Amino acid sequence: MNEAIHPLARKTVVWHLAVTSLVLILMMIFGVIMLMNQGEMISITPQWFYKIMTAHGTGMVGIAALGGTAILWYFLSKYVKLNPAILIVNFVLFLTGVSMVLIAIFVFDFSDGWTFLYPLPAQSAKMYGAAGAVFFLSGMLILGIGFLLLYMYLAARLTAVYGGLGKALGWDIIFRGKKGYGPPAAVVATAMVIITNSTALLAGATVLAASLVNIINPAITIDPLLAKHFTYAFGHIFANCTIYMAVIAVYEVLSEYTKRPWKANKVFLIAWNCSTLFTLMIYTHHLLMDFAVPKWLLIIGQVFSYANGLPVMVVTAYGALMIVYRSRMKWDFASSLFFLSMFGWVAGAIPAIIDATIVVNHVMHNTKWVPGHFHTYMGMGVVAMIIGFMYYFNKTEGNQEHRGIDTFTIALYFVFFMGLVGSFLYAGGISAPRRWSEHLPQWVLSDQVGAVSGIFIVLAAIIFTARFFSGLRCVGSQVPYQKKSAAG
Amino acid sequence: MYQQIAMYTTVFFVFLLALAFASVYGESKRSGEYSTIQEKGYKIRKFYFLGLIAIMAFATVMTLGRLPYDSNQAEAEGLNEGIVVKVTGIQYAWEMSEETFKAGDKVQFDVTASDVTHGFGLYNENMELVAQTQAMPGYTNTVYYTFKEPGTYQILCLEYCSAGHHVMVKEIVVEPEGGASDE
Ligand code: HEM
Ligand SMILES: [Cu+2]
């Protein structure tokens, strides 16, 4: 069962991580520029602000997905033989899509946000020329197709090895009373992500194609509310799935460090099935302020957004606490980051759940509260998992060791990330809107706190990345190839 | 009010969470038999799970009765004499059929847009967001608000609508009850 990862796939994983870490730094710098502008420390034009905002949003979600995919592939390879060509195709399509997005933004001034809410791109195309919107939308489409191909391949592999996605999600244990444990966590999570993210990508492809058609022939339109449903079915699920991919590393690595099994028992499987179902349902919490949506659908949005917190709070994060408890685990860069990432995930879920409450959403939707909560679970959750995985990779595939500077950098990153998300949440609490290039005087202080925090986060990210690249030099140098244990 | 509740609740639960993680970190230095830890852990988890369900059920019951969507509640409070205002968002301005109100006015905003989606965000004099709805072309969303206090209110665009999004602001004046002052 314990297959070695294909050498070509290992190399591709390195490429994924290298691109992820470099783009991360650049996008973080973009984030700091936005905050400095809102905080009146520098001044850029609104056009530039919104271009940078579009790049930051698209880029961050993109690399979170890229890093998550690397993690998924790496660990799934232990249990299922995978053809590295698919990973490479995905990577190439990713880079192609990203290049087109960048051309759209920086050559053709596209600035309609990573959520490209119809009919905004069409409207901009009318006013500023179609090239920007066409490049952006087709770039996203190509990127999406790359992921869709990957998931279709993975679905085929899981079906071949486990007899279907249902079995991979442990249905025979949940429904048929089969005894014992389900497939490895990596397989369960992969099945969940295949189901939810394929749905997301199909919804995304539909609305992207419809938007493109509408730009080419304005006589063909799509209903804006329907388009918004598709857009958020895509955006919400896709962004969520980054963490469901990355968390595979937490299962694998913490259980390796603590030398304790993290098995898919019945409760675990039920939790992942609930996550699958709820993740598909709850994107409607993005439409709570669209009063035209049927009320029952919006109430579902609230109730199931609450419920969606339960699997992570009661099973995954709780499981992480249990496995670490009295384990005499070795605390180094990888284990610390994975442990903290579970904190980041749950901490981000708390303000998210509160905002999914309709009465709260009524006065907090599209305020800075929203970036406040998703920066918590993206920055301190997904990104922490990805960085943790980079260290883990270098440690077990090469011979990187924990140093004092790593402890320092992790502390730096988390302390200032708390500062950043605190400043966002506070700004949301005093009603500062999100996505405003200029801020009123009463909001400026929070922006400045955020900007200063952001600068230290960038510093931490640079050190992480430098350590990653220096550790890479020894990866794959042992002949014959041997993967080390992380626990020692 | 909801903003304060949201902030305090978040701080409270994140603090509890941090406590849990910190204590497990502290305990990680000791060693224990995993099967006994699991046994105990699963027992505690039952209560933890039920506790979370209880909190969520409580929040659901407390909030689902006050949804901003329908006029039921507004009518119960006697909104039938309310003022109906038509609001249209357009890059980058708000067009309104009525712009001055009196304190005590119960207003029904019928909100739509004529180009792209905007967000109708009503801010009071202290720049607190007090009500909102989306302004989407082809749809009319109705949101109710009763102006209890006189003052200058503002409508801010709360859905990104391209480069002039942040200039899409409109002031509306709510005069004191019982006649306009002529300041
Ligand atoms: C140094 C770290 C970071 C800083 C300073 C930063 C800053 C910002 C700022 C200022 C905004 C716009 C807020 C507004 O609407 O007014 C933003 C939006 C956003 N950020 Fe970050 N960010 C950082 C890290 C991240 C990370 C790690 C992720 C995800 C992996 C991320 C994902 C996003 C997304 C998706 C948006 C939404 C863009 C939009 O509204 O279109 N950010 N960020
Ligand atoms: Cu607008």
Size of charge dipole - segment B:1-117 - debye, nearest 20, with Cβ of Lys, Arg +1 and Asp, Glu -1, no other charges: 1120
Sequence-separation-based contact order of segment A:355-458, relative, with Cα cut under 8 Å and 6+ spacing, percent: 41
Cα pair count fraction exceeding 28 Å, expressed as % - chain A: 52
Bins of 5 Å from zero: percent of alpha-carbon pairs in segment B:2-66: 4, 13, 12, 23, 17, 12, 9, 6, 3, 1, 0
Placed amide H near B:Cys157: partners under 5 Å, 5+ positions off or other chain: B:Met168
Calculated P(r) of segment A:239-389 - Cα pairs past 26 Å, %: 29
Chain B: relative contact order as a whole-number percent, Cα under 8 Å and 6+ apart: 17
Where trypsin sites (Lys or Arg not before Pro) fall in DSSP loop in segment B:96-183, at most 14 other Cβ within 10 Å: B:Lys148
For chain A, with +1 on Lys and Arg beta carbons and -1 on Asp and Glu, the positive-most of A:Val267, A:Ala246, A:Val312 along the dipole: A:Val267
Kirkwood Rh, Cα atoms: Rg over Rh of segment A:396-452: 1.25
Lysines whose Cα lies under 23 Å from that of B:Lys170, excluding same-chain neighbours fewer than 8 positions away: A:Lys368, B:Lys86, B:Lys102, B:Lys106, B:Lys148
For the protein assembly as shown, size of Cβ-based charge dipole, Lys and Arg +1, Asp and Glu -1, in debye: 4180
Cα-based Kirkwood hydrodynamic radius, segment B:71-175, one decimal, Å: 13.7
Cα gyration tensor of segment A:129-277 - equivalent ellipsoid semi-axes, whole Å, descending: 37, 15, 13
Computed over chain A: relative contact order in percent, which uses C-alpha pairs under 8 Å that are six or more apart: 18
Average other protein chain Cβ within 10 Å of Cβ, residues B:63-69: 6
B:Lys102 long-range amide H proximity, modeled H, under 5 Å: B:Glu175
Cα-based convex hull volume of segment A:373-481 per residue, rounded to whole Å³: 95
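Using only Cα atoms, what is the ratio of the radius of gyration of segment B:1-127 to 2.2 N^0.38 Å?
1.78
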Global geometry of segment A:211-250, whether rounded, prolate or oblate, following the gyration tensor of its Cα atoms and the 1.5 cut on a/c: prolate
Mean ellipticity per residue at 222 nm, deg cm²/dmol - from DSSP H runs of n ≥ 4 across the protein assembly as shown, formula -39500 (n - 2.57): -21500 deg cm²/dmol
Size of charge dipole - segment B:71-175 - debye, nearest 20, with Cβ of Lys, Arg +1 and Asp, Glu -1, no other charges: 160
DSSP bridge pairs, chain B: antiparallel proportion in percent, nearest 5: 70
Selection from A:Cys474, A:Leu226, A:Val32 lying farthest towards where the dipole of chain A points positive, charges on Cβ: A:Cys474
Positive dipole terminus of chain B, leading residue within B:Gly65, B:Thr10, B:Ser97 (C-beta point charges): B:Thr10
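Bear in mind these aren't lab numbers, they're just calculated from the coordinates by the rules spelled out. As the structure is a computational prediction, the values presented were derived from the model and not from experiment. Here the Cβ is made from the backbone with ideal geometry for all residues, glycine too, and neighbour counts use every protein chain on show.
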